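To start, the structure itself, in structure tokens.
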Amino acid sequence: MAAEVKPIANTLHTPSEEHEELREQLMFDPRPREELNRMVLDSMTHTTPRYWTAVGVLTVLVLTLLLGMWGYLIFTGIGISGERRPNYWGIFIVTFVFWIGISHAGTFVSAILRVFKAEFRRPFTRAAELMTTFGLAAGALWPLIHLGRVWVFYWMIPYPNARWLWPNFRSPLVWDLLAITTYLLSSTIYLFLPLLPDLAMARDRTTGWRHAIYRALALGWRGTEAEWARLRKAISIFAFAIIPVMFSVHTIVSWDFAMGMVGGWNSTIFGPYFIIGAILSGVSAVITILVVLRATLKNMTYFIRPEHIDALGKLVLVFSMAWAYFFFNDYLVQWYGGHDVVRALLSFHASGPDAWIWYCMLLFNIVIPWLTLWNKKLRRTPWVMLVVTLLINVGMYFERYTIIPLTLGHQRMPFDWGEYSPRFPEISLALGSLCLFMLLYLLASRLIPMVPVWEVREGQEAHLVRKVGKTVVPTVSELD
Amino acid sequence: MSDTISRRNFLKLTGLGAAGAALTGCGKAARYVTRRPYYDMPEYGALGESTYFATTCGECPAGCGLIMRTFEGRAIKAEGNPQHPVNMGKLCSRGLVGVQGLYNPDRIKGPGRRAQRGHDQVTALDWNAALDVVKQALGGGQKVAFFLGLSPDHIADLTAELAQAIGAPAPVRYGALGMFDGRAGLAEACRQVFGEARLPYFDLAGADLVISFGANFLETWLSPVAYTRGYSQFRRSAATGKRRGYFISLEARRSLTSGVADEWYPVAPGSEGLAALALGRLLAERGWALPLDASAVDVDAAAQAAGMTRAQLEHLADLASQAAHPLFIPGGNALAHAGGLAAARSILALNLAAGALGQPGGLYLSPAAADSSSLRDVQALVDRMRTGQVETLFIHGVNPVFELPPALGFTEALSNVKQVISFASFPDETALQSDYLLPDHTPLESWGYQRTLAGADRPVYSAQQPVVVPLYDTRSSADVLLSAGLLPYSDEVDFIQKKIAPLITQGGNVQATEIATFWARFLQSGGWWPVQAALAAPSAPAGLEAAAPQAAAAPEGQFHLVTYPTQMGDGRGANRPWLQETPNPSTTVVWNTWVEINPATADALGLKNDDIVKVKSSAGEVEAAVYRFPAIRPDTVAIPFGQGHTALGRWAEGRGANPALLLAPALNEAGDLAFGDTLVTLTPTGRRRPLAKLESTAGVYGEH
Amino acid sequence: MAEQIKEQVNERWGMVIDMNLCTGCNACVTACAMENNIPWVGEDDAGYGRGIYWMRIQRYWEGEYPETTPSYQPVMCQQCGHAPCEPVCPVFATVHSEEEQINLQVYNRCIGTRYCANNCPYFARSFNWFDYSYQIPEPLNYYLNPNVTVRRRGVMEKCTFCVQRIHAGQEQAKAQGRAVRDGEVVPACAQACPADAIIFGDLSDPNSRVSQAARSQRSYTLLEALGTEPKVIYLKGEGTYGG
């Protein structure tokens, strides 16, 4: 089907700036199919000493900062963290929520944009989906890391056992476990389905161990009509189905807090507030990754263009505004509720010893995006976007930090107020999980095609340019 | 089984069987519960049931009755003896943690000889060799000296007899708790006011107004559990129809006791007696017959010296004159001054004028003479030691190197003593300076008795018996001393039985016709006491001399120092980890020493919480972290007593500071240490060390 | 005989603490520690906020010098009828007992999520950050109570109303074919309390001492507005302090 669509892009010759823009955005400069394939394969097989150095360093860091420290934690006790009464949760859960939040945007960018047929999505859906999977992998470690007795973590899983002991289905942590597992499974499948044709493409053009791997992974894909039809149907089903899963996951993560009896936590708006925050941080992370990929991965300047970053930047601006709205709404209602504990808490956030975290959160999540992202020139400058999106993620980390330890430390009994500051083991683990994420991404970038070639081609081939009056407008032929 | 015997009582009875069976005519060895092999366990042991023994708490001299729960030969939990007149089933933190003394891993595990004083190296001794040393030493006649702690009483009695037998001076009995209670002064004041040198017992339960002059009777003063029980009755209103007692405290810092007072007046240290005298004058104006002439007291000046107003004193006088049963309690803080004896006299005179002697809600005199020597006697001992008149010094139940102010010169004087024999169970500071370590059993492994002094409405012989087999190669000090054959007792139990034999004919809770049965029942019920309250009513005195003690204000730049004992008691509690971990009630600090400073003063000195400050007096200096204490006079600082050990095992050593270093050896008229007159200066060191405390440090009181 | 002994399943254990009598002396804290094998954590950890206290005396200061007044509030697990800790535990390690109507912590089921501790508005729970109990040197561990589990690291613990004593009392009553008498079961804190400020008993029996005290006009519960239905009831102090 895709092959039958005629490439018409060559007919576009109008050199006006406006048209140039259109051309760039929709990649109306198609290259031959084989060249595209080769470019992608090249990016996968092209490794430099710098790459191997990075892989080596990250591997060492993961082994020491994450796995080594985790082993030490298991053998000594949670006490090596900075957690203490009344801050029973700290960096562990903050980082958990952070990664789960990051993992949202992959699905959001890929599935929602796919469902709404946003054409600019095509080149970076894979990068975003990978982020989801690896973000979940890094995030799903944390509920385990933070357990006092991780060796019996499986007691949370509902499995039949001789004592008829079941998990407590009233506990948000069990919902969490189920939601995250579901999300991890479905997002992995959702990553895998559009990967099939590209794996087959790679299988056909490689030899040796790569060939063996791709042959196994490609599941015998031949590109027949029937296969394409089924694939489209499956992708379509998953794109629709994964959206509610994605919304549910972060809502449930928010319920870890909202279902509690902690002042400042039991807010009815936490579900959507967390989702917006997750998407804000996630889309920002997508931009960060795209900027990095574009700069480091071979041939990526063709696939990932400032226009994509521009479009995502607009999304970030919109979600920053939405986040500000939810933050304000949550704040106002909590303040207006007038409970002493919440009032004291809010003033503690804004004037306590850790108030700088609260102000940085507002600065990074609202002020900086609003001041920069309205400007197209800035949106199209990769390094600016890199800085801004990194700051947004720092801001979102601070948001979770404010919500978790800074709120727990200031509850209803002033005798038991407490301060929390992370200790080295926690920071080490958090950095280790970041290293794990980067390492997985680095390895994946050389193992699987980072760009869904067939989708890009499909997009390019499906686009037509029509003249409406004197204006040239691109149109898309009906693919489905 | 009869319905009236509960299972627990039955167990107590059977439990006693193990001890009691031995008493009906077996030898010395059978007097201890022996550990039997498992196949030969008594029924209750084999079934995994607990055994309960009645004994007496040895953690302080108050002599509370314990019911010790034991399980398979191990002491598990201290519970109060519900029948015991002192504590009626209640206990304080110290008594509860007694098992951590018994099972303390740092105990001295057997007799030994120290190669060099002050050094850790100890060569183990055979008990036979040790007994020879004791026997030879006791031949020294008047060159032998005994220094004893405040408990247990049977060792004191035995040593007194022994000293008499060998012609040595009477044993000196002293302890930091006695010092903080101002016991010698209290007894001397009672002698002057009532004609008998005994400690007073205040019937809090029946009073409706209590005015305390620096008495921390809910913490350590004389018999804290008994007084807390009394306080509990004092505060109840419904039961007897009497109104809820009203409690007023005059004390420089708001201690735990003052903390529950309805009114607290932070009077200047040393001015308590003056305030009492002024109050007496106001009461005399209201028609009270004061046995001393207080008309010379200038009420305004007294109020000003105390840091009160005349209106406040008038208010107190009004309350007292309206109260049916007012009580005025002279505490250690009021007595520990140069004019402490006069203060005690003035306060006791108020009780006398209130007319409640020997009546419910009034003042009684406890039956036995005060057991505590004054510091003057200790000083005399130190002098004898210094001049080489002491060849052998026996030390039991006291840790003078830690408890006495070093300025008294005890440690230096020790070097002139040829031979120091310590009976300490723990490697404390004094044991470190001793030549021979002949460890006694800990109280839970020992026989003994304690006459409770001032904590019950009747005379009590509280019985002590071993609840477990002695854990280590320790030996009862009484047996060690008796082994010289200088006294007509075969062993410790024989001595105790002979001592309590006169009680057989006196009636009381325990009755028998002969000593063996009496002994068994005596042990079973935890002691002997009359069935009904029986304390002597003090007699009314002749005219008293009204001496108005002068309270000197602290000079500019100097502060009054208040030193007070905590749950560490006289310092021996510092090696019990749970006493260390139990928060101090007022500050919630654990495991360390702090300096309480009024926040206003601290601000003036630029001191924040946890800043280390150097506290210096004429006698010495200590360093400790600042605790900004909102309820202390701005011209006063306070340091708790009990930490700052240089020995005593892993949990006590090198922790905190010992405020005894700051106390100058100034004695008052009664021979008590006038530690309340100590003046100190504060110097910030610029260092910080966070105090471990339970309370929040996060912004509760405006500090982050 | 078996018919005569009615199974006691409807007891509702409760506690009344009279703030009029409480002196704040902390004897209850120590008694609790000694009864329930609570480990000490040492100065560093205690100062860091890792102290394990099943009950603690909250000391608040009120007023300005010279009217500075401390108020002492003993707080332990309030044994909520509607406990916030229970629904959040993923593995049912903190459960409501049908028989005693108290909250129990099943140590060997606990996996250490610490969610319950966050959700407890009374901060009644303590976590074993390290293996404190296993660090008790010989022979100091001899005194450990054989009726109470020694907790290892990574599990949450809290006041159980001395459930081992409740069971001992119930078993004894059962063996003697009678109901548990009022005052027969006493937790360690109430037993030690020198001021006798703690009354313990069965709230379902309207004539028990604890029920009568709970009906006092002075009674209140902590954070009543949260609807946790605590079974620890405080009696407000009559003086200027407490409550």
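The values are calculated or read from the model by the stated rules, or taken from the named source; none is laboratory data. Fair warning: this is a prediction, and the values are worked out from it, not measured in the lab. Glycine also receives a Cβ, built like all others from the backbone with ideal geometry; neighbour counts cover every protein chain displayed.
Some notes on this structure:
To keep it simple, each residue is scored yes or no on (1) more than 19 Å from the chain's Cα centre (by Cα); (2) part of a loop (DSSP other than H, G, I, E, B).
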| residue | (1), (2) |
| --- | --- |
| B:LEU150 | no, yes |
| B:ILE211 | yes, no |
| B:ALA226 | no, no |
| B:GLY230 | no, no |
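- Scanning segment A:54-93 for residues that are within 14 Å of A:SER428 (Cα to Cα), away from every other protein chain (no Cβ under 14 Å) and of a type in the set (A, V, I, L, M) returns A:LEU58, A:VAL60, A:LEU61, A:VAL62, A:LEU63, A:LEU65, A:LEU66, A:LEU67, A:MET69.
- So A:TYR88, is it out of contact with any Gly (no Cβ under 7 Å at 6 or more places or on another chain) and surrounded by fewer than 21 Cβ atoms within 10 Å (Cβ to Cβ): no
- Members of segment B:496-535 found to be exposed (fewer than 13 other Cβ atoms within 10 Å of the Cβ) and among the β-branched types (Val, Ile, Thr), listed by number: B:THR505, B:THR513, B:VAL531
- Number of residues in segment B:235-251 that are at pLDDT below 90 and either in contact with a His (Cβ under 8 Å, 6 or more places away or on another chain) or crowded, with 22+ Cβ neighbours inside 10 Å (or both) equals 2.
- Verdict on A:LEU390 being surrounded by fewer than 18 Cβ atoms within 10 Å (Cβ to Cβ), more than 14 Å from every other protein chain (Cβ to nearest Cβ), hydrophobic (A, V, I, L, M, F, W, C) and touching a Gly at 6+ places or on another chain (Cβ under 9 Å): no
- Segment B:155-206, subset modelled with pLDDT of 90 or more and of a type in the set (Val, Ile, Thr), residue farthest from B:PRO665 (Cα to Cα): B:ILE166
- Condition check for A:LEU130: surrounded by fewer than 24 Cβ atoms within 10 Å (Cβ to Cβ), under 30 Å from C:ASN128 (Cβ atoms) and at pLDDT 90 or above: no
- Qualifying residue in segment A:384-405 (condition: in a loop (DSSP other than H, G, I, E, B) and closer than 28 Å to A:LEU317 by Cα): yes
- Segment A:368-382, subset surrounded by 15 or more Cβ atoms within 10 Å (Cβ to Cβ) and closer than 23 Å to A:TYR331 by Cα, residue nearest to the chain's Cα centre (by Cα): A:PRO369
- In segment B:239-295, residue nearest to B:ALA323 (Cα to Cα) [restricted to those that are within 14 Å of another protein chain (Cβ to nearest Cβ), part of a strand (DSSP E or B) and in contact with a Leu (Cβ under 7 Å, 6 or more places away or on another chain)]: B:TYR246
- Selection from segment C:56-103 of residues that are surrounded by 17 or more Cβ atoms within 10 Å (Cβ to Cβ), away from chain B (no Cβ under 14 Å) and among the polar types (S, T, N, Q): C:GLN78, C:GLN79, C:THR94, C:GLN101, C:ASN103
- Residue satisfying all of: in segment B:61-112; at the interface with chain C (Cβ under 7 Å from one of its Cβ atoms) and of a type in the set (Ser, Thr, Tyr); surrounded by the fewest Cβ atoms within 10 Å (Cβ to Cβ) among these: B:TYR103
- So A:PHE398, is it within 30 Å of A:GLY79 (Cβ to Cβ) and not acidic (Asp, Glu): yes
- Qualifying residue in segment A:82-95 (condition: small (Gly, Ala, Ser), in contact (Cβ under 8 Å) with a residue 24 or more places away in the chain and in contact with a Lys or Arg (Cβ under 7 Å, 6 or more places away or on another chain)): yes
- Within segment B:314-331, the set of residues being in a helix (DSSP H, G or I) and either touching a strand residue (DSSP E or B) at 6+ places or on another chain (Cβ under 9 Å) or outside the structural domain of B:LEU274 (by TED's automatic domain parsing) (or both) comprises B:HIS315, B:LEU316, B:LEU319, B:ALA320, B:GLN322.
- Search result, residues across segment B:567-626 that are in contact with a Pro (Cβ under 7 Å, 6 or more places away or on another chain) and assigned to a helix (DSSP H, G or I): B:PRO599, B:ALA600, B:THR601, B:LEU605
- Filtering C:TYR143, C:TYR122 for residues that are within 30 Å of B:LYS109 (Cβ to Cβ) and either within 14 Å of chain A (Cβ to nearest Cβ) or not charged (D, E, K, R) (or both) leaves a single hit, C:TYR143.
- Of all positions in segment A:155-177, none carries a residue that is among the β-branched types (Val, Ile, Thr) and more than 10 Å from every other protein chain (Cβ to nearest Cβ).
- Residue, surrounded by the fewest Cβ atoms within 10 Å (Cβ to Cβ), within segment C:170-219, restricted to residues that are closer than 23 Å to B:MET68 by Cβ and of a type in the set (D, E, K, R): C:GLU171
- Which numbered condition B:LEU102 fails, given (1) more than 12 Å from B:LEU444 (Cβ to Cβ); (2) touching a residue at least 12 places away in the same chain (Cβ under 8 Å); (3) touching a strand residue (DSSP E or B) at 6+ places or on another chain (Cβ under 9 Å): (1)
- One residue stands out among those in segment B:579-595 that are within 12 Å of C:ASN26 (Cβ to Cβ) and at the interface with another protein chain (Cβ under 7 Å from one of its Cβ atoms): the one that is surrounded by the most Cβ atoms within 10 Å (Cβ to Cβ), which is B:THR582.
- Checking B:GLY214 against (1) closer than 22 Å to B:HIS325 by Cβ; (2) buried (at least 24 other Cβ atoms within 10 Å of the Cβ); (3) within 14 Å of chain C (Cβ to nearest Cβ); (4) of a type outside the set (D, E, K, R), the condition it does not meet: (3)
- Scanning segment A:205-246 for residues that are more than 23 Å from A:ARG114 (Cα to Cα) and either buried (at least 16 other Cβ atoms within 10 Å of the Cβ) or touching a residue at least 60 places away in the same chain (Cβ under 8 Å) (or both) gives A:ARG205, A:THR206, A:ARG210, A:ILE213, A:TYR214, A:ARG215, A:LEU217.
- Every residue from segment C:44-55 that is within 17 Å of B:VAL97 (Cβ to Cβ) and within 8 Å of another protein chain (Cβ to nearest Cβ): C:ALA46, C:GLY51, C:TYR53
- Helices (runs of 4 or more DSSP H) (entirely within segment C:154-219) containing at least 1 residues that are in contact with a helix residue (DSSP H, G or I) (Cβ under 7 Å, 6 or more places away or on another chain) and away from chain A (no Cβ under 14 Å): C:163-175, C:188-192
- Residue match in segment B:625-647 (condition: surrounded by fewer than 18 Cβ atoms within 10 Å (Cβ to Cβ), modelled with pLDDT of 90 or more, farther than 30 Å from B:PRO330 by Cβ and in contact with a strand residue (DSSP E or B) (Cβ under 6 Å, 6 or more places away or on another chain)): no
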